[in-house]
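What follows is calculated from the coordinates using simple rules that are stated; it is not laboratory data. Worth saying up front: this structure is predicted, and the values here are computed from it rather than measured. As a convention, Cβ positions derive from the backbone with ideal geometry for all residues, glycine included, and neighbour counts pool all protein chains shown.
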Amino acid sequence: MASPTTLGVDPARVRRPENEEQPIHLMYAFLYVADRQEGLILINAATLLDGDPRNNFVKRDIVFNPDGELRGANHIAIAGTLLYISCEKGLVIVDVDDPFKPKVVGRVALKGAGHAAAQFRYLFVCDAEGVRVFDITDMRRPEEKALIRMKEARDIYVARTYAYVAAGHEGLAIVDIENPEKPGKPEYFNAGGAMNDTQAVKVGMTNASLYAYVADGKNGLRVLQMLSPDRNPEIWGFSPKPQPELIATYQTKGHAIALSKGLDRDRGVDESGNQLVVFARRGARPFRRSEMERLYLRDGKLYTVANTPPAPPKEKP
């Protein structure tokens, strides 16, 4: 099950005209479920946000699986109004700009497509060979840029310049993705062999400290402290290198195979340019998609040093 945001935004929220607020996209009224038999299931969860406890019930509202296209669906990564669905055919891209009329807008053939995560212009997808990195500057047409080879890649969480991968019997893999098209080699942490069945990972801040929460299969829930003043001399800064330490274990009744995502508190806009939060100033809003693209595209192409026009010659005094 995937939610487009953890903020709980309500598309039906009453907006006061004098605040000059932007509308909340209708897609945020739904939860999205990957079902191996039925493909994509949409659940209208807006009633959970209206403050009325009498209507807190959910049901199957929309089922989408044209010609079995999404057979074997096992994971959904959401970026803006697009769903990247891993299934038997690989990665299928579904547009839910109109949630009542989903449509397939792209496909990428992959063997063993699994969990995926999107960050800015890149999509990271687990498959049978490891983690594949796709450029999604054009979000409907992913372009493969790199393969991070791994024996097992069951789940992935991306935070700033590092990717955290649940690597099965090898524990937790940490990959430097400061340059996503030239990622570093996986560095594994297994707590001296104790972590040997990792299935899922989520990373979050708790009391200003960075922690990784790992579903370690038969071993239960693991909690790793990723940063510490004792182990990280350069702990301050945008993205210090994590140095994990196993600090807690909770033995679950059954195998720990999944984790929910914590609250995202620092996201004002999605990848399609839809506003998610109301800012403090009247009329204030984040950039729309077209405005964001002006920061990194020139004439539809990625703006880099290589394609920057030379500066005009300076006039002699």
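Among VAL131, VAL201, VAL108, determine the one that fluctuates most according to a GNM of the chain built with springs between C-alpha atoms less than 10 Å apart.
Largest GNM mean-square fluctuation: VAL108.
How do CYS126, CYS87 line up, fewest other C-beta atoms within 10 Å first? Could you put the intermediate results ahead of the total?
Details: CYS126 27, CYS87 24.
Fewest-to-most ranking of CYS126, CYS87: CYS87, CYS126.
For ASN179 paired with LYS111, estimate the spin-label separation in nm (one decimal), with each label point 7 Å from Cα along the Cα-to-Cβ line.
Here the modelled spin labels are 2.9 nm apart.
Please give the peptides 179-186, 93-100 ranked by average Cβ packing (other Cβ atoms within 10 Å per residue), highest first, as a rough proxy for protection.
93-100, 179-186
What does the charge count near PHE279 come to, summing +1 for each Lys or Arg and -1 for each Asp or Glu among other residues with Cβ under 12 Å from its Cβ? The partial results should precede the final answer.
Numbers: positive: ARG281, ARG282, ARG285; negative: GLU20, GLU21.
Neighbourhood net charge equals +1.
Once the range 146-258 is represented by equal point scatterers at the alpha-carbon sites, with solvent omitted, what log10 I(q)/I(0) does the Debye formula produce at q = 0.18 Å⁻¹?
Listed by q, the Debye log ratios stand at -0.87.
Ignoring everything except DSSP H segments at least 4 long, calculate the 222 nm mean residue ellipticity for the chain; use -39,500 (n - 2.57) per segment, divide by total residues, nearest 500. Intermediate values should be presented prior to the final figure.
On the way: 1 runs with 5 residues, N = 317.
Using -39500 (n - 2.57) per qualifying helix, the result is -500 deg cm²/dmol.
Only residues of the range 151-180 count here: report those whose backbone N is under 14 Å from the spot 7 Å along Cα→Cβ of THR249, or say none.
Residues passing the 14 Å test: 171.
Please give the contour-minus-distance gain from THR304 to LYS151: 0.36 nm per residue of separation, less the Cα-Cα distance, rounded to one decimal in nm.
On the way: separation 153, 0.36 × 153 = 55.08 nm, distance 3.43 nm.
Net length gain for the segment: 51.7 nm.
Which residues in the range 12-35 have a backbone N closer than 15 Å to a point placed 7 Å from the Cα of ASP98 along the Cα-to-Cβ line?
Output list for this probe position: 26-27.
Could you tell me which of rounded, prolate or oblate describes the chain, using a ≥ b ≥ c as the square roots of the eigenvalues of the alpha-carbon gyration tensor, with rounded for a/c under 1.5 and, failing that, prolate when a/b is larger than b/c and oblate otherwise?
Details: a/c = 1.34, a/b = 1.06, b/c = 1.26.
Rounded is the answer for the chain, as its axis ratio a/c remains below 1.5.
Rounded to whole Hz and in sequence order, give me ³J(HN,Hα) for the range 111-116 from the Karplus expression 6.51 cos²θ - 1.76 cosθ + 1.60, θ = phi - 60°, writing x for Gly and Pro.
Once θ is set to phi - 60°, the couplings for the range 111-116 become 9, x, 4, x, 5, 9 Hz.
Of the lysine pairs in the range 146-258, how many meet both conditions: Cα atoms under 24 Å apart, and a spacing of 8 or more in sequence or different chains?
For the range 146-258, the number of qualifying lysine pairs is 13.
Using a 7 Å offset from Cα along Cα-Cβ at LEU263, what residues in the range 273-317 end up with backbone N under 11 Å from the label point?
So the set is empty, nothing qualifies.
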